[in-house]
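Reviewing the structure listed below.
The values are calculated or read from the model by the stated rules, or taken from the named source; none is laboratory data. Since this is a predicted model, take the numbers as computed values, not measurements. Please note: Cβ atoms are built from the backbone with ideal geometry, for glycine as well, and neighbour counts cover all protein chains shown. These area figures cover heavy atoms from the full protein model, side chains too; ligands, DNA and RNA do not enter into them. Shrake-Rupley method; radii C 1.70, N 1.55, O 1.52, S 1.80 Å.
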Amino acid sequence: MCAIEIQPVVTTERLVLRRPRLSDAKRIAELANDHDVARMMSSMPWPYGLSDAEAFLAAQDDKPGCDFVIEHPAEGMVGVAGFKFDALGRPELGYWLGRPYWGHGFATEAARGALVWAAKDWRKRAIIARHFTDNPASGEVLCKAGFLYTGEVTLTPSPARPEPAPCRTMVWLA
Ligand SMILES: CC(C)(COP(=O)(O)OP(=O)(O)OC[C@H]1O[C@@H](n2cnc3c(N)ncnc32)[C@H](O)[C@@H]1OP(=O)(O)O)[C@@H](O)C(=O)NCCC(=O)NCCS
């Protein structure tokens, strides 16, 4: 569950990051049921149905870390960003945007906002992130948000890929 604040809200120049609500299920399922989104994620179900969105939302209260819905004032929900703990207990940032919203700088803006929250309110000093090597756009997002490559590359499965693929680890220090 979200430490420190029960319902944190992060406001950036164009976006609002807020806690997910049960009423987000339909929109999440619509945007997430896209193979080009799911194959870049290591733990997103594929195919992604309404029941997957409902399970994601139902798990929120008991989840370590914190997820945010990324909202645009005119467009509504455009994606999700969140922190979980990796196998080594390190806080890890992940995110995805619905395809209509790619290419506007939203992921970079949301990642920067989420990192400010993680450092200031969640009091984390180091955050990791990982991207598949065939996802240079996410590498760009992470570099622009201030992450650096650690040199660690791990073969990582994704439900939307036939076999594990190499993933690069990055780190951000507050
Ligand atoms: C990756 C993703 C989050 C990017 O979102 P976005 O809002 O379009 O990202 P931004 O606009 O903030 O930044 C993308 C950057 O990557 C660059 N880029 C895009 N495609 C690229 C490519 N094939 N090679 C190199 N750079 C690329 C863009 O030019 C941009 O950089 P710039 O601002 O310097 O021009 C989005 O495409 C997405 O959700 N994809 C599916 C899920 C995913 O990959 N999640 C991340 C898992 S690690």
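I'd like the carbon and sulfur percentage of the solvent accessible area for the stretch 33-174, probe radius 1.4 Å, heavy atoms only, ligands and nucleic acids excluded.
Working: 3870 of 6790 Å².
Looking at the stretch 33-174 in its full context, I get 57 percent from C and S.
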task = Output ³J(HN,Hα) for the stretch 115-130: one whole-Hz value per residue in order, computed from phi by the Karplus curve 6.51 cos²θ - 1.76 cosθ + 1.60 with θ = phi - 60°, and x for Gly and Pro.
result = 5, 4, 4, 4, 6, 7, 9, 8, 6, 9, 9, 9, 10, 9, 8, 9
For the stretch 96-125 versus the stretch 1-75, the gap between their alpha-carbon centres in whole angstrom = 13
remark   = Amide H contacts under 5 Å for GLY79, restricted to residues at least 5 apart in sequence or on another chain and with H modeled in the peptide plane, are ILE70, GLY98
request  = For every other residue with a beta carbon closer than 14 angstrom to the beta carbon of PRO166, add +1 if it is Lys or Arg and -1 if Asp or Glu, then tell me the sum.
outcome  = +1
query = Taking the stretch 9-124, how much of its Cα-Cα pair set, in percent, is spaced more than 16 angstrom apart?
reply = 59
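So with the 1.4 Å probe, I'd like the accessible area per residue for the chain, rounded to whole Å². Provide the component values of the computation, followed by the final result.
On the way: 8730 Å² over 174 residues.
Per residue, the chain has an accessible area of 50 Å².
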